[in-house]
């Protein structure tokens, strides 16, 4: 007597509603610092490592149902791939986002994009560094659908890798801030000695990843002019108080608490702001603002920890 057994099947999403959905995944390719430097200065023989890896990741996301047997074909409306190379670091961090309107989520598309981007980086660099490892590929955020929003616990806490890169102050509004060795945060006020203290936007924060992204975009326009003229975007140029590393600031919701150093606590009050002038003012695009819940001394190198409320 024969028995028919259905060993695999796709999930039936016929009756599910179409909603706007997005997923974000991350991963790392760990390598020798010398390999990182070769990538930075375009010294890898095969060519521009990050451009090829970005293209490969986007292509792979669109091919997800062909690679993963039981995934539904989905209409992607956008795939984004970003890379972060920390100063004096030994890894390339990959962040992939996939979004669209559909009956099921885009988690696999984001994860596949990270995987193939990582494999492409390995392929491009393996001639000079066979010790590379691909690590920590995981979903960090998804939104949309009946199950709502998911944020990975390490994503909420900034993965334990967040830190202060620079503390910047200015004596008057409307001008860039200057890096200082340390600053004193006062509860309900802001940084002592800073022109924006006491306002509704007591403390402003901008990620070094945003600054590096701007520099990379400018270099793509005219790399030789960038190098010959020494064009830079320095900490404080966008009038930010704190330059951070390792935390995706614009993903934090209002009310999120940020623990800075050993004492200070900030609470996010605003994401971005209205443009008031042209130029390299990145705060309106990817900066956030916070009020001081608890004061304390803050200096470059201090740890950052994020908790959602």
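Quick notes on this one:
- Strands (runs of 3 or more DSSP E) lying entirely in region 217-309 (those with 2 or more residues that are over 22 Å from residue 184 (Cβ atoms) and modelled with pLDDT of 80 or more): 264-271
- If you check 207, 217 for being free of Cβ contacts under 8 Å to residues at least 60 places away in the same chain and either closer than 22 Å to residue 86 by Cβ or surrounded by fewer than 17 Cβ atoms within 10 Å (Cβ to Cβ) (or both), only one passes: 217.
- Residue 183 being exposed (fewer than 15 other Cβ atoms within 10 Å of the Cβ) and either more than 27 Å from residue 248 (Cβ to Cβ) or assigned by TED's automatic domain parsing to the domain that holds residue 252 (or both): no
- Qualifying residue in region 66-74 (condition: touching a strand residue (DSSP E or B) at 6+ places or on another chain (Cβ under 6 Å), within 24 Å of residue 152 (Cβ to Cβ) and assigned by TED's automatic domain parsing to the domain that holds residue 27): yes
- Condition check for residue 65: in contact with a helix residue (DSSP H, G or I) (Cβ under 8 Å, 6 or more places away or on another chain) and free of Cβ contacts under 8 Å to residues at least 24 places away in the same chain: no
- Odd one out for residue 152, checked against (1) at pLDDT below 95; (2) under 27 Å from residue 13 (Cα atoms); (3) crowded, with 17+ Cβ neighbours inside 10 Å; (4) within 18 Å of the chain's Cα centre (by Cα): (3)
The values are calculated or read from the model by the stated rules, or taken from the named source; none is laboratory data. Please read these numbers as outputs of a predicted model, since none were measured by experiment. A quick note on method: Cβ atoms are made from the backbone with ideal geometry, for glycine too, and the neighbour counts reach across all protein chains shown.
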